[in-house]
Amino acid sequence: GKDGHVKVFAKVFNESNLSTVTQFGVDIFDAKGILVAHQEVDVNIEANTPEGTDVSTELTVKSPHLWSLDDPYRYTAKLYVSKSGEEKDALTIPFGIRTIRFTAENGFQLNGKTIKLRGGCVHHDNGLLGGAGIDRAEAHKVELMKSAGFNAVRCSHNLPTEALLHACDSLGLLVIDEVFDQWEE
């Protein structure tokens, strides 16, 4: 199969009064925790950068296990900053590798297969629980949609919580993330 290309964009912050050179690294692990890709680059960071320094890199995952609706396989990226071999900060992010295409002839395609979207609109609130983002309630909402046969969620003019997005990723639901519903202004 084809290789997967993972592009990583981050901001690195330096709150000290000294400019420095650090290493920005990315490790990608498969679902079993096996390292499948690694990249490390030197980054020059100016002193006192409250806006951060942009860093980017691209990694290749050989013959990746593709994320799909029936097999929502996820990798984990560990992003880290180190100085002289000592890790200073790290962040882990789960993600899937897939291809998406829209064409007039085939409509929406996921990994080369045409998919008809069977979705529902989801508002930010959780019924009687109110408008607060409660992680377990968000996951439960996604579980109910998946078990009812939905394969997609439209976030109805409200920014979704990270919990809702992670639940969709881990259970195999596509997301139409809509920020607002004003098309004229």
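A single member of 60, 76, 92, 20 is in contact with a Pro (Cβ under 9 Å, 6 or more places away or on another chain) and either in contact (Cβ under 8 Å) with a residue 12 or more places away in the chain or open to solvent by less than 60 Å² (accessible area, probe 1.4 Å) (or both), and it is 76. Evaluate the following for residue 125: is it surrounded by 13 or more Cβ atoms within 10 Å (Cβ to Cβ) and modelled with pLDDT under 95? For residue 125, the condition - surrounded by 13 or more Cβ atoms within 10 Å (Cβ to Cβ) and modelled with pLDDT under 95 - is met. Only residues that are surrounded by 10 or more Cβ atoms within 10 Å (Cβ to Cβ) and either closer than 18 Å to residue 87 by Cα or not small (Gly, Ala, Ser) (or both) were counted in region 45-57, giving 8.
The strands (runs of 3 or more DSSP E) found entirely in region 23-94 that carry 3 or more residues being under 15 Å from the mean Cα position of the chain (by Cα) are 75-83. In region 161-176, the qualifying residues are those that are among the β-branched types (Val, Ile, Thr) and farther than 14 Å from residue 72 by Cβ, and the one that is least open to solvent (accessible area, probe 1.4 Å) is 161.
The values are calculated or read from the model by the stated rules, or taken from the named source; none is laboratory data. None of the values given here were measured: they were computed from a predicted structure. Positions of Cβ are generated from backbone atoms using ideal geometry, with glycine treated the same way; all protein chains shown enter the neighbour counts. Please note that ligands, DNA and RNA were not included when accessible areas were found on the heavy atoms of the full protein model with its side chains. Shrake-Rupley method; radii C 1.70, N 1.55, O 1.52, S 1.80 Å.
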